[in-house]
1. Do we find a residue being touching a helix residue (DSSP H, G or I) at 6+ places or on another chain (Cβ under 9 Å), in contact (Cβ under 8 Å) with a residue 12 or more places away in the chain and over 30 Å from Ala102 (Cα atoms) anywhere in segment 181-194?
2. Within the group Val18, Val23, Val6, which residue is in contact (Cβ under 8 Å) with a residue 60 or more places away in the chain, not polar (S, T, N, Q) and not in a helix (DSSP H, G or I)?
3. I'd like to check something: does segment 210-219 contain any residue that is aromatic (Phe, Trp, Tyr), touching a His at 6+ places or on another chain (Cβ under 9 Å) and surrounded by 17 or more Cβ atoms within 10 Å (Cβ to Cβ)?
4. Looking at the structure I just gave you, is Ala175 within 19 Å of the chain's Cα centre (by Cα) and under 26 Å from Leu94 (Cβ atoms)?
5. Any residue at all in segment 188-200 that's touching a Lys or Arg at 6+ places or on another chain (Cβ under 9 Å) and modelled with pLDDT under 90?
6. What single numbered condition from (1) under 22 Å from the mean Cα position of the chain (by Cα); (2) at negative phi; (3) outside any helix (DSSP H, G or I) fails to hold for Ala151?
7. Considering only segment 167-181, I want to know if a residue exists there that is of a type in the set (Lys, Arg), modelled with pLDDT under 85, in a helix (DSSP H, G or I) and farther than 27 Å from Ser24 by Cα.
8. I'm trying to understand the selection: among the residues of segment 168-192, which are surrounded by fewer than 24 Cβ atoms within 10 Å (Cβ to Cβ) and either at positive phi or small (Gly, Ala, Ser) (or both)?
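The values are calculated or read from the model by the stated rules, or taken from the named source; none is laboratory data. The shown structure was predicted, so the numbers you read here are calculated from the model rather than taken from an experiment. Glycine gets a Cβ as well: all are built from the backbone with ideal geometry, and neighbour counts include every protein chain shown.
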Amino acid sequence: MLIAIVGALVISTSGPLVRLSDVSPATSALFRCAYAIPPMLILAWLERRRLGPLPRRALIPAWLAGGLFALDLLFWHHAIDYVGAGLATVLGNLQVFIVAFAAWALFKERPSTRLMVATPVVFAGVVLISGVFDSAAYGSDPVMGVLAGVATSIAYAAFLLLMKGGSDRAAGPLAHATVVATVMIAVLSPLFGGADFVPSWPAHGWLLVLALGPQVLGWSLITFSLPRQPAALTALLLLIQPMTTVALSAMALGERPSAWQLAGCAVIVLGVLYGSRRAQPLLAGAEEHEEQVPKTSTV
């Protein structure tokens with residue numbers, strides 16, 4: 001659990017770093033992955049030396065996860081443009097509920113009744129963030145920000161589930177996913193406003209920090225934790241990220257969401273806190289189950 005928390009704190013800097021780079025959404029998405037490839041390949045090589053080659057059965061899930069991660073980043077970086085780093089990160093983490101119910105169907109990790117009750121509450125918070133009832137809503141286009149955020153959540157949820165079910169390794173699958181994501185972003189970038197393949201300084205510096213910090217360190221820690229605990233618990237722990245990002249965006253970027261939008265953030269957080277109360281029993285049950293399953297099996 002501690003590893004997932006540290007990973008979530010590291011990736012909480014992603015949104016502010018994207019804004020500080022001051023480049024197009026497709027450009028920041030492309031370079032955060034491209035700059036991450038060399039260190040990820042080194043980590044994958046070290047993991048291969050220690051554990052042997054990555055099983056072939058883990059390759060296709062990693063490649064599919066890379067394609068979904070590309071869509072996740074492209075939608076999310078546009079959401080940042082529309083509604084700011086803080087609110088976009090909150091919206092992108094609606095994946096908590098998508099992961100929880102999908103994990104129920106795929107991995108038999110039944111969500112609690114609390115989580116089911118909290119779901120409509122959380123989506124009420126999404127409506128508040130959209131600014132539908134708010135003439136002072138923060139962002140250039142809050143409604144488009146919500147739509148991009150929901151699209152991000154769907155891609156993000158599928159990415160997490162594939163990374164959880166594909167392998168119990170961290171560096172190898174993430175390296176494969178990162179390479180695929182880089183190629184996919186480059187190919188899809190014309191559909192998302194186009195990417196600048198030669199950004200200038202200091203944009204390069206911010207993008208390098210984005211790649212080495214959240215992309216390499218943060219996601220390595222989170223990917224390591226995914227196969228070792230229920231998918232729903234991992235997603236809930238990742239909610240540390242949006243709340244930290246809201247605070248960082250306010251302090252570093254001067255983002256000032258409206259009162260209704262902040263209320264929407266509070267509704268989402270309270271809904272998730274209420275819905276996550278059963279996370280610890282789920283973890284205990286997973287540990288008990290793991291003792292009965294051969295180490296070579298996949299979840």
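1. Yes, segment 181-194 has at least one match.
2. Details: Val18 fails: not in a helix (DSSP H, G or I); Val6 fails: not in a helix (DSSP H, G or I).
Testing whether each residue is in contact (Cβ under 8 Å) with a residue 60 or more places away in the chain, not polar (S, T, N, Q) and not in a helix (DSSP H, G or I) leaves just Val23.
3. As a first pass, look at segment 210-219 and keep what is aromatic (Phe, Trp, Tyr): 219.
Checking the rest, the ones that are also touching a His at 6+ places or on another chain (Cβ under 9 Å) come to none.
Checking segment 210-219: not a single residue is aromatic (Phe, Trp, Tyr), touching a His at 6+ places or on another chain (Cβ under 9 Å) and surrounded by 17 or more Cβ atoms within 10 Å (Cβ to Cβ).
4. Values: within 19 Å of the chain's Cα centre (by Cα): yes; under 26 Å from Leu94 (Cβ atoms): no.
When the stated conditions are applied, Ala175 does not pass them.
5. Just the residues of segment 188-200 that are touching a Lys or Arg at 6+ places or on another chain (Cβ under 9 Å), to begin with: none.
No, segment 188-200 has no match at all.
6. (3)
7. Looking only at segment 167-181, we keep the residues that are of a type in the set (Lys, Arg), and these are 169.
Those still in the list that are modelled with pLDDT under 85 too: 169.
After this cut, where a residue has to be in a helix (DSSP H, G or I) as well, the list is none.
No: zero hits.
8. Ala170, Ala186, Ser189
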